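*Asks:* Below is a structure I'd like to ask you about.
Each value in this text was obtained by applying a stated rule to the coordinates, not by laboratory testing. Because the structure is predicted, anything quoted here is derived from the model rather than measured. So basically every Cβ, Gly included, is an ideal-geometry build from the backbone, and we count neighbours across all protein chains shown.
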Amino acid sequence: MKRWRLAGLLGCVAVTLAGSGCGAALSKDEELQVLAHENLVLQDRLVACERRVADLTAAGAQPKPAAAPAADPFRVAAIRFNKHTGVLEGGGPADERLKIILEPLDESGEIVKRAGSLELEALNPAPAGQPPKLVHRWQFPLADLAQTWTNMLSVTGYVLKLPWPEGRRPAGPGVIVRAKFTTLSGEALAAETQVTLPRLRGRPPAGPISANTLEGAAQRAFEECRAYEVAPGTPPEEAVRVYEENVIKVFPKTKATQEEKEGRRAPAVRLARKEDA
């Protein structure tokens, strides 16, 4: 009863103001009474709606599911490495850069500019049955990755030029590069590629190898080829192979070479520079 009496009072106030033609504002007390009345009316409507829902549910009615939001036709559905991903050569191993060009793709395979974060890994391939060895991992949060977007005639995507950790290139002829791109919605997309490392050029070291043995040749490789990641602990055969491929290009014919052919000397003596040859 009190609610209807208040409603009648507020209605009279509204009619009086409208009939007088004046635009005088309600006092704070009058405004509070109007808002309180509106609140009571809304509460009554809510109670009535809840009762109606309960009656319909009891009668077996089912609510109609909400329509699913329209799918974004330009959302990132996959990522791929551009064919120009590779290595930028410099004056030496310390000047090399791993050049990554990553392209976000929509469902039709077209490149789309979409924001996200990126994790890159470079790994050394391993023999069958063994996991690859991690060379380095790079992290690019949203703001940093956005700065690398490039849109040119032949290249569109995220372009990154990454130095090798501590300026030391990985061992072996190439690396595996893995990328994980995380979209703003939290979806993680992955891609992988193989990058071939360019063959290094070096001048032949002076002086003879310390000993005409495989171990001696490996020791020379450790001393002369540190830039080629021939580190202590590398098997001698591998050290000599890297030494031969990257440093010594032409081997002079020597007496030691002839002896090797005759089976009277270890293969490593091919690296020796005999002064008495």
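*Asks:* Does the stretch 76-88 contain at least one residue that is part of a helix (DSSP H, G or I) and in contact with a strand residue (DSSP E or B) (Cβ under 8 Å, 6 or more places away or on another chain)? Walk me through it before giving the result.
*Replies:* Initially, the stretch 76-88 is screened for residues part of a helix (DSSP H, G or I), giving none.
There is no residue in the stretch 76-88 that is part of a helix (DSSP H, G or I) and in contact with a strand residue (DSSP E or B) (Cβ under 8 Å, 6 or more places away or on another chain).
*Asks:* Now for a separate question. How do the pairs read when you match residues in the stretch 178-194 that are within 17 Å of Leu98 (Cβ to Cβ) with residues anywhere that are aliphatic (A, V, I, L, M) and not in a strand (DSSP E or B), using Cβ under 7 Å and keeping only pairs 6 or more apart or on different chains?
*Replies:* Once the first residue is within 17 Å of Leu98 (Cβ to Cβ) and sits in the stretch 178-194, no partner that is aliphatic (A, V, I, L, M) and not in a strand (DSSP E or B) comes close enough.
*Asks:* Within the stretch 121-179, how many residues turn out to be under 17 Å from Gly86 (Cβ atoms) and among the hydrophobic types (A, V, I, L, M, F, W, C)?
*Replies:* 14
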